[in-house]
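What follows is a set of notes on a single structure, which appears directly below.
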Amino acid sequence: MESARYPEITFAGKIIEDVDLRTDGKYTVRAKGKLTVHGVTLDRIIYADVTVKKGIIDIASKFNVALSDHDIKIPRIVNDKLATEVFLDVKLTLEPRN
Amino acid sequence: MRHHLVYIFALCLLVITRASAQAPFTRDIWLNDANTPVKINCLEKDGTGFIWLGTDEGLYKYNGRIFTPVATIAGVSVTALAADSNRLIIGFEDGRLGLFENEHFTEYRLKGSLPVESISSIRVIKGNTFLAATVGSGLYAVCNGLCRQYNVSSGLSDDYLYTLAACKANTLLVATDQGINEVFKDRDTFRITHYTTANGLPDNIVRVIRPMKNKSLNWIGTHQGGIAFYCSKSRKVWTPFAENSWQWGQVNDILPIDTTRAWICTEEGYLVDARIDNQGQLSYRAHKYPQKLYRLLMDKTGNIWCATNSGVKQVLAEYISDIRLPAPYQLSDITAIACDNDTELWLAEKERLYKLSLRDDQHRLNLVYKFKAPVTQLYCQQDGVVWAGTFGDGLWYSKDHRRFEKVTNIQPLNGESILDVGGKADKLWVAGLNGVEEMKIETPGRLKLMKVHNKSTGTGSDYIYKIFTDSRDNIWMATDGAGVCRLSKNGQYTLWDSTAGMAGNVAYNIAEDAEGNIWASTFDKGLLMYDGRRGRNWICRPACKV
């Protein structure tokens, strides 16, 4: 992963579905945008469960990242021991600014 | 209401396994000798028939035999291609555009508002005017070196665009993350109509729009909702009723075949055969592959080419299809097979001769005739006469496709065991256990013996498994014991056996390819090729073990 060289994984995008996040409720949405891993940026559509309650937005998402898509080489000596895809489990909480 | 979010993530590892299933009649082709995976982003064919491949490693040209890299912009992926007469317009991952013409690449030096996002689709309007769709910054119109941008502020529903499709005069369909945009050009202004889930789309993320041949209907492929249709006449979108609901993931491309069929490829590696019945209902038959499937293209000969994340996949589904015999018949019991001009397939199961119509989806076998001896060979002549060779009971023929009569006026054929029957124009060649009879067809079914070819006349062997007439009217014979024998038009025999440049002395079959090369399948030496034009000797094709 060369995490010293690429310390951050970022995703910047938008929600495709037309949802009103000012209204309390649970929404399943797709976020479309650019995922950058290991310095390689790809367009991705990522599913997320969004829960809005009293102005607080909880976001939960699980998705896969293929190492080869992001130019991540698996050392040959551990080739059989590592998966070719990593699984990301993301939980975020957004709160209104005071 | 739409929101923009920024996520910052942490990683955790988990093993993911994938299931894959076999699918018939495909061949994976690597772009390089090292079999290193190369992601193919787009495919295009030009007027000559060459196939062009836009890849993560640049542009490749395929001439039917080899892939040749073509120098463009070094280190930048090719993401879109559009062929226009003898030109190829190329779109790159970083938004740049280029032109390949007269074997020379030139990068466009454009003025105006230039694309900086990946080019997803290019559509040539005419001459030096074309449109380029981008993933993230809308649509760009290029005209005589000037580039102009159209995006959400111009009336498009989204800036993420995937495909551009011509619809009708002055009208363009654009697939976006927020439905379909129908863009109508009225002099210098545009009228844009949006179609979303509110109008009948199964999903707002529209990945691909492909017009049906000779119809106003368009196939629509979406991210998670499968297939929909758009009619340019009624200007309506609808999701058709389907026999089985869509379950094969994000649609990446659609290849319409005719007015009722299309092939669909998906991100999840499915190649789906979609068919529309008389009531407009869709049915799907899906085949799973281990690769991601991005683009589909049909070449001039009917082969389907599929761009994948590791190379290109050749799909012969439109070229070859399997015919499954209804129970209790089995293909392994069939002793002879031939197809006539009426697309009727003739099949012999030992003594019984059947006919099967290729137009019949049920593939029912109809018994036509029962012989006294097993049928070993069938040959359908251009004028409709069907010839049947038997094992021990000579040669038979039928003019009406119902009754068979035995050939009795050719003495060497009486009681002969027939190994092959073939012909061209008014000639019929019959190989038996005692050599080959060359005959003239005087009237339908009526033969006159011209000459007998056997070991004593120069064929090298009396046992001839196959007689083949090539495009230059040479007669080729695959023999048991003497390799391959050629009888030229002047009556001269040429033999290739193990002492004369041929690997092995037993050949079973002979065929000719489009370049005039002669191919022979052998007992234990694989497939051998003879370069017909240059007269080179037989060479082994090691990849083909027959």
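The values are calculated or read from the model by the stated rules, or taken from the named source; none is laboratory data. Computed from a predicted structure; not experimentally measured. Cβ: placed from backbone, ideal geometry, glycine included. Neighbour counts: every protein chain shown.
Checking the condition of a type outside the set (D, E, K, R), more than 14 Å from every other protein chain (Cβ to nearest Cβ) and not in a loop (DSSP other than H, G, I, E, B), which residue from B:THR106, B:THR134, B:THR72 passes?
Details: B:THR134 fails: more than 14 Å from every other protein chain (Cβ to nearest Cβ); B:THR72 fails: not in a loop (DSSP other than H, G, I, E, B).
Result: B:THR106 is the single residue among B:THR106, B:THR134, B:THR72 that is of a type outside the set (D, E, K, R), more than 14 Å from every other protein chain (Cβ to nearest Cβ) and not in a loop (DSSP other than H, G, I, E, B).
Restricting to region B:343-353, name every residue that is under 23 Å from the mean Cα position of the chain (by Cα) and surrounded by fewer than 18 Cβ atoms within 10 Å (Cβ to Cβ). Before you say what the answer is, go through the steps one by one.
Here is the first cut: in region B:343-353, the residues under 23 Å from the mean Cα position of the chain (by Cα) are B:343-345.
Within region B:343-353, B:THR343 is the sole residue that qualifies.
Which of the residues that make up region B:445-469 are without any contact (Cβ under 8 Å) to a residue 40 or more places away in the chain, more than 26 Å from B:ASP513 (Cβ to Cβ) and of a type outside the set (Ser, Thr, Tyr)?
Once the filter is applied, which keeps residues that are without any contact (Cβ under 8 Å) to a residue 40 or more places away in the chain, more than 26 Å from B:ASP513 (Cβ to Cβ) and of a type outside the set (Ser, Thr, Tyr), region B:445-469 yields B:ARG446, B:LYS448, B:LEU449, B:MET450, B:LYS451, B:ASN454, B:LYS455, B:GLY458, B:ASP462.
Restricting to region B:278-303, name every residue that is touching an Asp or Glu at 6+ places or on another chain (Cβ under 9 Å) and without any contact (Cβ under 8 Å) to a residue 12 or more places away in the chain.
Once the filter is applied, which keeps residues that are touching an Asp or Glu at 6+ places or on another chain (Cβ under 9 Å) and without any contact (Cβ under 8 Å) to a residue 12 or more places away in the chain, region B:278-303 yields nothing.
For region A:11-54, what are the residues that are among the β-branched types (Val, Ile, Thr) and in contact with a helix residue (DSSP H, G or I) (Cβ under 8 Å, 6 or more places away or on another chain)? Working first, answer last.
Taking region A:11-54 first, the residues among the β-branched types (Val, Ile, Thr) are A:15-16, A:19, A:23, A:28-29, A:36-37, A:40-41, A:45-46, A:50-52.
Passing the criteria: A:VAL37, A:VAL40.
Please specify each residue of region B:12-34 satisfying the condition of being of a type outside the set (Val, Ile, Thr) and either touching a Leu at 6+ places or on another chain (Cβ under 6 Å) or at pLDDT 80 or above (or both).
So the first thing to find is which residues in region B:12-34 are of a type outside the set (Val, Ile, Thr), and the list is B:12-14, B:18-25, B:27-28, B:30-34.
Hits for region B:12-34 are B:PHE25, B:ARG27, B:ASP28, B:TRP30, B:LEU31, B:ASN32.
This table checks each residue for (1) facing another protein chain (nearest Cβ under 8 Å); (2) among the aromatic types (Phe, Trp, Tyr).
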{"residue": "A:THR36", "(1), (2)": "no, no"}
{"residue": "A:GLY39", "(1), (2)": "no, no"}
{"residue": "A:PHE63", "(1), (2)": "no, yes"}
{"residue": "A:SER68", "(1), (2)": "yes, no"}
{"residue": "A:PRO75", "(1), (2)": "no, no"}
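So which residues in region B:183-198 are surrounded by fewer than 21 Cβ atoms within 10 Å (Cβ to Cβ) and away from chain A (no Cβ under 14 Å), if there are any at all?
Start the filter on region B:183-198 by keeping residues that are surrounded by fewer than 21 Cβ atoms within 10 Å (Cβ to Cβ), which leaves B:184-194, B:196-198.
Hits for region B:183-198 are B:PHE184, B:LYS185, B:ASP186, B:ARG187, B:ASP188, B:THR189, B:PHE190, B:ARG191, B:ILE192, B:THR193.
Suppose we filter A:ASP24, A:ASP89 for residues that are modelled with pLDDT of 90 or more and more than 10 Å from chain B (Cβ to nearest Cβ); which single one remains? Steps first, answer last, please.
Values: A:ASP89 fails: more than 10 Å from chain B (Cβ to nearest Cβ).
So the residue among A:ASP24, A:ASP89 that is modelled with pLDDT of 90 or more and more than 10 Å from chain B (Cβ to nearest Cβ) is A:ASP24.
Among the residues of region B:231-247, is any within 14 Å of chain A (Cβ to nearest Cβ) and either more than 27 Å from A:ASP18 (Cα to Cα) or out of contact with any Cys (no Cβ under 9 Å at 6 or more places or on another chain) (or both)?
Pass one, region B:231-247, residues within 14 Å of chain A (Cβ to nearest Cβ): none.
Among the residues of region B:231-247, not one is within 14 Å of chain A (Cβ to nearest Cβ) and either more than 27 Å from A:ASP18 (Cα to Cα) or out of contact with any Cys (no Cβ under 9 Å at 6 or more places or on another chain) (or both), which makes the answer no.
If a residue must be of a type in the set (S, T, N, Q) and either surrounded by 15 or more Cβ atoms within 10 Å (Cβ to Cβ) or touching a helix residue (DSSP H, G or I) at 6+ places or on another chain (Cβ under 8 Å) (or both), how many such residues does region B:423-482 contain?
Taking region B:423-482 as the starting set, the residues that turn out to be of a type in the set (S, T, N, Q) are B:434, B:443, B:454, B:456-457, B:459, B:461, B:469, B:471, B:474, B:479.
Now narrow it down to the ones that are either surrounded by 15 or more Cβ atoms within 10 Å (Cβ to Cβ) or touching a helix residue (DSSP H, G or I) at 6+ places or on another chain (Cβ under 8 Å) (or both): B:434, B:454, B:459, B:461, B:469, B:474, B:479.
Final tally of qualifying residues: 7.
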